[in-house]
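First the structure, in the form of structure tokens, and then the observations on it.
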Amino acid sequence: MKVIGMTPSFSDQRPQMTLNLDYVSAVMRSGVLPVVLPVTEDQRLLDAMYEHVDGVVFTGGADLSPSLYGEEKLPECGNTEPARDRMELALLRRCIREGKPFLAICRGFELLNVAMGGTLYQDIASQRPDSLFHPCYDTPAKQVHTVRVMADTRLMRIEGMEELQVNSRHHQGVKTVGRDLAVSAVASDGLVEGLELPSHPFAIGVQWHPETLSPFAGEAQRLFDALADQVNQC
């Protein structure tokens, strides 16, 4: 059975690693084995983890450190997890370099953009005040707005739909798109909510949380099924 690695949230203050069960369930429904990848900066362990998984899901969580895209941290920026940032960037860049399939969700989507040289709004509400209200944390499974799926993208081929109803649990977002990335979905306020790397076998990022919608929305589960199909072909 193929294996999908999933990155957890991390705190060295408590200390603990956590991962919402929604991610695990969505991967299991796709017919592959989910495993949680511990946060580490030990290169030997990172190499071993990379070699033992067939694909990766980069999950949601804390804000990325603004220093990663050359900015000072604004007061509206939330808590950051620098050790997780470093580990995930190393893992993501190797996936990009060597063609390993991955799905990047929310924070992972923002990580993909930053890894490719893009920048973020540290806080959408204060930096882009005319935007929709995106941090709907109290309704995690509610479809609160639409995104338009761009033609001729892998996301369109997976979903077969010009519009998706999505949930929204983020207060940061893409400001400038990273190099070589294609925009695959856009919210009605113009905020980029989908990115992919056309030259890669399977490198897809979405700003919303399909893992929470996947029990009742087939289009959300299709993202995990497509990732599983890709790793099963490898």
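What to note about this one:
- Taken as a whole, the condition of being within 19 Å of Leu112 (Cα to Cα), in contact with a Pro (Cβ under 7 Å, 6 or more places away or on another chain) and either basic (Lys, Arg) or modelled with pLDDT of 95 or more (or both) does not apply to Gly70.
Residues are listed down the side, and each one gets a yes or a no for (1) without any contact (Cβ under 8 Å) to a residue 40 or more places away in the chain; (2) under 23 Å from Val192 (Cβ atoms); (3) exposed (fewer than 15 other Cβ atoms within 10 Å of the Cβ); (4) more than 15 Å from the chain's Cα centre (by Cα):
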| site | (1), (2), (3), (4) |
| --- | --- |
| Pro34 | yes, no, no, yes |
| Val53 | no, no, no, yes |
| Gly108 | no, yes, no, no |
| Asp123 | no, yes, no, yes |
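- Scanning segment 1-20 for residues that are more than 16 Å from the chain's Cα centre (by Cα) and aliphatic (A, V, I, L, M) yields Met1, Val3, Met17.
- Search result, residues across segment 25-34 that are in a loop (DSSP other than H, G, I, E, B) and hydrophobic (A, V, I, L, M, F, W, C): Val32
- Looking across segment 1-24, the residues that are part of a strand (DSSP E or B) and touching a Pro at 6+ places or on another chain (Cβ under 7 Å) come down to Ile4, Met6, Met17, Thr18.
- Residue within segment 196-203 that is assigned to a loop (DSSP other than H, G, I, E, B), touching a Lys or Arg at 6+ places or on another chain (Cβ under 8 Å) and farther than 21 Å from Met116 by Cβ present: no
- Val174 vs. criteria in contact with a His (Cβ under 7 Å, 6 or more places away or on another chain), within 24 Å of Ala62 (Cβ to Cβ), among the aliphatic types (A, V, I, L, M) and surrounded by 18 or more Cβ atoms within 10 Å (Cβ to Cβ): no
- Among the conditions (1) loosely packed, with under 13 Cβ neighbours inside 10 Å; (2) part of a strand (DSSP E or B); (3) of a type in the set (Gly, Ala, Ser), the only one that Ser67 does not satisfy is (2).
- In segment 177-201, the residues that are more than 20 Å from Ala62 (Cα to Cα), surrounded by 22 or more Cβ atoms within 10 Å (Cβ to Cβ) and either of a type outside the set (A, V, I, L, M, F, W, C) or touching a His at 6+ places or on another chain (Cβ under 6 Å) (or both): Ser184, Glu196
- Test for Glu76: is it surrounded by fewer than 15 Cβ atoms within 10 Å (Cβ to Cβ) and not basic (Lys, Arg): no
- Test: residue in segment 146-163 that is crowded, with 17+ Cβ neighbours inside 10 Å and small (Gly, Ala, Ser): no
- Candidate set from segment 110-121 (those that are over 8 Å from the mean Cα position of the chain (by Cα) and farther than 10 Å from Lys175 by Cβ); member that is surrounded by the fewest Cβ atoms within 10 Å (Cβ to Cβ): Gly117
- The set of residues from segment 79-96 being surrounded by fewer than 19 Cβ atoms within 10 Å (Cβ to Cβ) and either modelled with pLDDT of 95 or more or in contact with a Ser or Thr (Cβ under 7 Å, 6 or more places away or on another chain) (or both) comprises Thr80, Pro82, Arg86, Leu89, Ala90, Arg93, Arg94, Ile96.
The values are calculated or read from the model by the stated rules, or taken from the named source; none is laboratory data. Computed from a prediction, not measured in an experiment: that's the story for all the values here. We place every Cβ from the backbone using ideal geometry, glycine too, and count neighbours over all the protein chains shown.
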